[in-house]
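The values are calculated or read from the model by the stated rules, or taken from the named source; none is laboratory data. Not measured: the values here are computed from a predicted model. Quick reminder, even Gly has a Cβ in these numbers, built from the backbone with ideal geometry, and neighbours come from all protein chains shown. Keep in mind that these areas ignore ligands, DNA and RNA; they rest on the heavy atoms of the full protein, side chains included. Shrake-Rupley method; radii C 1.70, N 1.55, O 1.52, S 1.80 Å.
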There are 2 protein chains.
Amino acid sequence: MAGESHRIVVVGAGFGGLEAIHHLKGAAVEITLVDRRNHHIFQPLLYQVATASLSTSEIAWPIRHLMRGRPEVTTLLGEVTGVDATARRVRLKDGAQLAYDTLILATGARHAYFGHDEWEPYAPGLKAIEDATTIRRRILIAFEKAERETDPAVQDALLTFVIVGAGPTGVELAGTIAELARDTLAPDFRRIDTHKARVVLVEAGPRVLAGYPDDLSDYTKQSLESLGVEVVLGAAVTECTADGVIYGGKLLPARTIVWAAGVRASPAAEWLGVPADRNGRIIVEPGLTVPGHPEIFAIGDTVSLAGPDGKPVPGIAPAAKQAGVYVARVIRARLAGDPAPPPFRYKHQGSLAQIGKKRAVIDFGWIKLRGALAWWIWGIAHIYFLISVRSRLSVALSWLWIHTRNQRSARLITQGGDEDESRARSG
Amino acid sequence: MAGESHRIVVVGAGFGGLEAIHHLKGAAVEITLVDRRNHHIFQPLLYQVATASLSTSEIAWPIRHLMRGRPEVTTLLGEVTGVDATARRVRLKDGAQLAYDTLILATGARHAYFGHDEWEPYAPGLKAIEDATTIRRRILIAFEKAERETDPAVQDALLTFVIVGAGPTGVELAGTIAELARDTLAPDFRRIDTHKARVVLVEAGPRVLAGYPDDLSDYTKQSLESLGVEVVLGAAVTECTADGVIYGGKLLPARTIVWAAGVRASPAAEWLGVPADRNGRIIVEPGLTVPGHPEIFAIGDTVSLAGPDGKPVPGIAPAAKQAGVYVARVIRARLAGDPAPPPFRYKHQGSLAQIGKKRAVIDFGWIKLRGALAWWIWGIAHIYFLISVRSRLSVALSWLWIHTRNQRSARLITQGGDEDESRARSG
């Protein structure tokens, strides 16, 4: 590329970052895309990796492969440690610096423990591929240990699975773990009855899927209960330990805990020294720029923004993608010397959550759906949004086997990457 | 099961152990199958996981799922630490003991460094799923680092991949890494030319695929060279370090080394205190029993046995399977009070190795094949021997994409399980 091209650095290859790059195709720019990982993941289905339904490669694609047809995009595997907004440079961990004319921060969020990071070893969250394989390993190992355990109290704790937080991820995890225990694993064990596994969904608020209409929340709770999930509402978790979860002043002995109760933004606000909300999200201008820095955009889960109705823009894939499209439009307008587009307007297309086989809830706003039809729409929509024909075929094949034969192909316990686990558990 | 059933403990769920259990179906026995891992792997395709061609779940199945239809078989995830042959008990790491009437040891082998275990951090071998993902990570990270490296000497070392040992695994790895660099990765990198990656196959002996006829070895060497692999024969590796490989007194700077040069049997001989060959393999009786213990069978890669022609039975899947079938027959005969079957006779069905796309060699004994036809037979045979329709469809789909579009779906760098790596590499 010519040295005079407008240099854009994009940090983060999630939905927002990729969509911005996609919509900059053909513009006279030189783009550097930096991510800590070599792969983009389809986060809406990450819980299916955690529950052995899908394998990792079905929902993850090498970032540089996605950029194969874009010679003006250079992909770098690297960790950003700071931004020098004055010199317009991004600093990487190994000391390298990337100069930019425009910076797009699309760095996402991690799960958060409300100031209790010491709970993480006991209650992993679900954001990266490694989180999913860690949770998968813990769930599968719990059943294996239970099969060999002779102490009934320990066996009960091994067969108790607690999910903290009843948002979409918590609901989907709880429903799928229940089906895994009852349908998939039951014929494979000899000494334990996997139907007796307890799946407990603990939520501090008054209902599940708080963002959904009341009747869909009710339906979801009933559906989960019919799958055998115990739904505990209005119960704030006050501690997670190697022994279990404490809520309402009582310990529920459980060896497997999954955290789905909260997220915290990436440290992008700290890199810039700009105002953030209590979850660390950058409070951006209506045009998605960082206050005082029109050349720095921030999008997706790492920003806090109110929609036109005053409600916060949700931290979901379509919102990040819309922001990516918007930022590309603003950059194109600037390069062309056109007037700036009007402020970003988030358009909510709908909320979808799967509860279990042939059960899902959808809130399109103008229509609410639940049950089998909602499940079909959920499945088709998710396959449609996967990248590449190959992944669509592969996921369709995996789902066909799950739904017709209760077989989950990714029931692999693999070692490593889980030092926290060995530290946390002595059993 | 009734307490009086004949109790069989099978250690190891590889090809030999599973085949023995398969052929004991319907016998009045109570079987306990113990393995350190929860999954059986299809080892002949493990190198395809190491080279990002297949994902882990395509060649691995949960052992207890395979035993789903066999209520008399109990599967345990556990590590055997010893055998008390007098009391007829298998000791597990957690202190538990398993009583047996008949014991089948099918514990396989690990790669071996001829007394140089200190090389392992620099030159991982390929036996377990984790080995494959470690090698995959190292290969992919080497390209990522090379893309960012500014020092040409370091970049060259990052783009040099050394495979030690030119048996089937070494040949298959070398050919596939060369194709990965040239076909799959080339369009994805901007700063480096992946065609310049060096793949060096180092062999101490005088030819590649020593177990094959001379003309197939020659064809394999030429094919590898046409793929760009440098084949170095008669060169014994004298050291593996973080900087590279030393052979012929010279250092070849390389950041990625894969060990395919030798194996050592599991410690089964040590558990029993019985004679072993120099690779630690139990020298079994012609009836596959351990000397002095007619109730203990040992099969597969953990034993040393001469075939009827005096040549050693090779450490390949068909040999382990045939031994498993034989042992089941002997046990059935004993239970029925029938005379003992004649000694085990290994029947060699053929040797197959893939070199690259549309290139393979096959030695059936009565006919030798090479090139495209051999490759088709190789592919069909491997798909045929996979367990389950699901895996066959999935692998066929993956291969279709590799061969038509050069896409390898499992190009994921995931963290963890690789402490050796961080210890070994400072770069």
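For a label point 7 Å from the Cα of A:Val154 along Cα→C-beta, name the residues of the stretch A:178-200 whose backbone N is under 13 Å from it. No residue qualifies, since no backbone N sits under 13 Å from the label point.
What FRET efficiency comes out for B:Glu270 versus B:Ile377 if R0 is 45 angstrom and r is the Cβ-Cβ distance? Round to the nearest 0.05. Efficiency computed from Cβ-Cβ geometry: 0.65. In the stretch B:272-372, a dipole from Cβ-located charges (positive for Lys and Arg, negative for Asp and Glu) runs towards its positive end, and of B:Ala306, B:Gly292, B:Ile355 it is B:Ile355 whose Cα lies farthest in that direction. GNM remark for chain A: springs join alpha carbons under 10 Å apart, and the peak mean-square fluctuation among A:Thr32, A:Thr184, A:Thr150 falls on A:Thr150.
For B:Ile192, neighbours were defined as the other residues whose beta-carbon sits under 14 Å from its Cβ, and their charges (Lys and Arg +1, Asp and Glu -1) total +2.
3J(HN,Hα) along the stretch A:96-113: 5, 10, 10, 7, 9, 9, 10, 10, 10, 9, 10, 9, x, 9, 10, 5, 9, 10 Hz, from the Karplus curve 6.51 cos²θ - 1.76 cosθ + 1.60 with θ = phi - 60°, whole Hz, x for Gly and Pro. Using the Cβ of B:Asp301 as centre and a radius below 14 Å, the other residues enclosed give a net charge of +3, where K and R count +1 and D and E count -1. Distance from the alpha carbon centroid of the stretch A:232-294 to that of the stretch A:323-367 works out to 23 angstrom.
Applying 1/(1 + (r/R0)^6) with R0 = 60 Å to the Cβ-Cβ distance of B:Ala96 and B:Asp243, what FRET efficiency is obtained, to the nearest 0.05? With R0 = 60 Å, the Cβ-Cβ based efficiency is 0.85. Along the axis of the charge dipole computed for the stretch B:21-96 (Cβ charges of +1 for Lys and Arg, -1 for Asp and Glu, origin at the Cα centre), the listed residues B:His40, B:Leu54, B:Thr81 are led at the positive end by B:Thr81.
Taking A:Gly324, A:Gly170, A:Gly262 as the candidate residues, the one with maximal mean-square fluctuation in a Gaussian network model of chain A, Cα springs under 10 Å, is A:Gly262.
Overall, the stretch A:60-213 carries a charge dipole of about 400 debye about its Cα centre when +1 sits on the Cβ of Lys and Arg and -1 on the Cβ of Asp and Glu, all other atoms neutral.
Classified by the C-alpha gyration tensor, chain B has a prolate form. Its axis ratio a/c, with a ≥ b ≥ c, is 1.5 or above, and a/b is larger than b/c. A:Trp399 exposes around 30 Å² of accessible area when a 1.4 Å probe is run over every protein chain in place. Residue by residue along B:53-65, Cβ atoms of other protein chains within 10 Å of the local Cβ number 6 on average. Can you flag which of B:Lys145/B:Lys250; A:Lys250/A:Lys358; A:Lys196/A:Lys357; B:Lys196/B:Lys368; B:Lys25/B:Lys93 are past 31 Å Cα-Cα? Beyond 31 Å between Cα atoms: A:Lys250/A:Lys358; B:Lys196/B:Lys368. What dipole magnitude, in Debye to the nearest 20, does chain A give about its Cα centre under +1 on Lys/Arg Cβ and -1 on Asp/Glu Cβ? Roughly 1040 debye, rounded to the nearest 20. Positive end of the dipole of chain B (Cβ unit charges, origin at the Cα centre): among B:His382, B:Leu126, B:Ala269, the Cα lying farthest that way belongs to B:His382. Each residue, B:Glu225 and A:His22, gets one label point 7 Å from its Cα in the Cβ direction; the gap between the two is 4.8 nm. Of the trypsin sites (Lys or Arg not before Pro) in the stretch B:161-217, the ones in a loop by DSSP (not H, G, I, E or B) with at most 13 other beta carbons within 10 Å are B:Arg191. For A:Pro267, the distances from its label point to the matching points in the remaining copies are 4.3 nm, ordered from shortest, with each point set 7 Å beyond Cα toward Cβ.
Figure legend: label point modelled 7 angstrom from the Cα of A:Tyr384 along Cα→Cβ; residues of the stretch A:49-71 with amide N under 20 Å from it are A:59. Distance between the pseudo-spin-label points of B:Val325 and A:Val325 (7 Å out from Cα toward the beta carbon): 6.0 nm.
Amide H contacts of A:Thr74 (H built 1.01 Å from N, in plane; Pro and chain starts excluded): A:Ile31, A:Thr32, A:Leu33 sit under 5 Å, all sequence-distant by 5 or more or on other chains. Computed 3J(HN,Hα) for the stretch B:390-405, one whole-Hz value per residue from the Karplus formula 6.51 cos²θ - 1.76 cosθ + 1.60 where θ = phi - 60°, is 3, 5, 4, 4, 5, 5, 4, 4, 4, 5, 4, 5, 5, 7, 9, 10, glycine and proline marked x. In the elastic network of chain B, a GNM with C-alpha springs shorter than 10 Å, the most mobile of B:Ala13, B:Ala106, B:Ala96 is B:Ala96. Net charge in the neighbourhood of A:Leu209 (other residues with Cβ under 15 Å of its Cβ; Lys, Arg +1, Asp, Glu -1) is -2. Taking the label point 7 Å along Cα→Cβ, B:His403 and its counterparts in the other copies are spaced 3.0 nm apart, in ascending order. Each Lys and Arg Cβ is given +1 and each Asp and Glu Cβ -1; about its Cα centre, the protein assembly as shown then shows a dipole of about 1940 debye.
Measuring only protein heavy atoms, the 1.4 Å probe finds B:His111 accessible over about 20 Å². Counting only DSSP beta bridges with both residues in the protein assembly as shown, the antiparallel share comes to about 50 percent. Applying the Karplus relation 6.51 cos²θ - 1.76 cosθ + 1.60 with θ = phi - 60° to the stretch B:276-285 yields 3J(HN,Hα) values of 9, 7, 5, 9, x, 7, 5, 8, 8, 6 Hz, where x marks Gly and Pro. Ligands, DNA and RNA excluded, the heavy atoms of A:Glu130 present near 30 Å² of accessible surface to a 1.4 Å solvent probe.
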